[in-house]
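Asks: Can you keep this structure in mind? I'll have questions shortly.
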Amino acid sequence: MMTMDKHQIADLLLEAQRTGIALDPSLRQPFTLEEAYEVQKCVAEKKIKQGNKMIGKKIGFTSQAMRDALGIDQPDYGNLF
């Protein structure tokens, strides 16, 4: 479960992207898949409000071999800006 709200996490991720400074590893927390996608959605909404344009989606881990190697049971996706 998230200990920080999705908007706080999104703000931290956007700041890290803006500055190029990685987040402190101590901020890591376990997420459910649903929570992770909620944070991703929040990041996308904030980027759009900042004037960025979403141009597509990126699908990852489409290979069963890669999913097996990383212990992932399904492909994932992200937004392209």
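Rule-based calculations on the coordinates, nothing more; no lab input. Bear in mind that the values here come from a model prediction, so they are computed numbers and not experimental data. A quick note on method: Cβ atoms are made from the backbone with ideal geometry, for glycine too, and the neighbour counts reach across all protein chains shown.
Asks: Residue 75 versus (1) surrounded by 14 or more Cβ atoms within 10 Å (Cβ to Cβ); (2) in contact (Cβ under 8 Å) with a residue 12 or more places away in the chain; (3) not basic (Lys, Arg): which is the lone unmet condition?
Replies: That leaves (1) as the condition not met.
Asks: Count, please, the residues in region 5-47 that happen to be over 18 Å from residue 58 (Cα atoms), among the acidic types (Asp, Glu) and over 12 Å from the mean Cα position of the chain (by Cα).
Replies: Total satisfying the criteria: 3.
Asks: For region 24-61, how many residues are among the basic types (Lys, Arg) and surrounded by 12 or more Cβ atoms within 10 Å (Cβ to Cβ)?
Replies: Residues meeting the conditions: 3.
Per-residue answers, yes or no, for (1) basic (Lys, Arg); (2) within 16 Å of residue 77 (Cα to Cα); (3) touching a Pro at 6+ places or on another chain (Cβ under 6 Å):
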{"residue": "6", "(1), (2), (3)": "yes, no, no"}
{"residue": "29", "(1), (2), (3)": "no, no, no"}
{"residue": "50", "(1), (2), (3)": "no, no, no"}
{"residue": "55", "(1), (2), (3)": "no, yes, no"}
{"residue": "58", "(1), (2), (3)": "yes, yes, no"}
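Asks: For the structure I just gave you, tell me whether residue 62 is assigned to a loop (DSSP other than H, G, I, E, B), within 17 Å of residue 77 (Cβ to Cβ) and more than 13 Å from the chain's Cα centre (by Cα).
Replies: So residue 62 fits the description; yes.
Asks: Turning to a different aspect of this structure: Taking the conditions exactly as written (out of contact with any Asp or Glu (no Cβ under 7 Å at 6 or more places or on another chain), of a type outside the set (D, E, K, R) and surrounded by 15 or more Cβ atoms within 10 Å (Cβ to Cβ)), does residue 14 satisfy them or not?
Replies: So residue 14 fits the description; yes.
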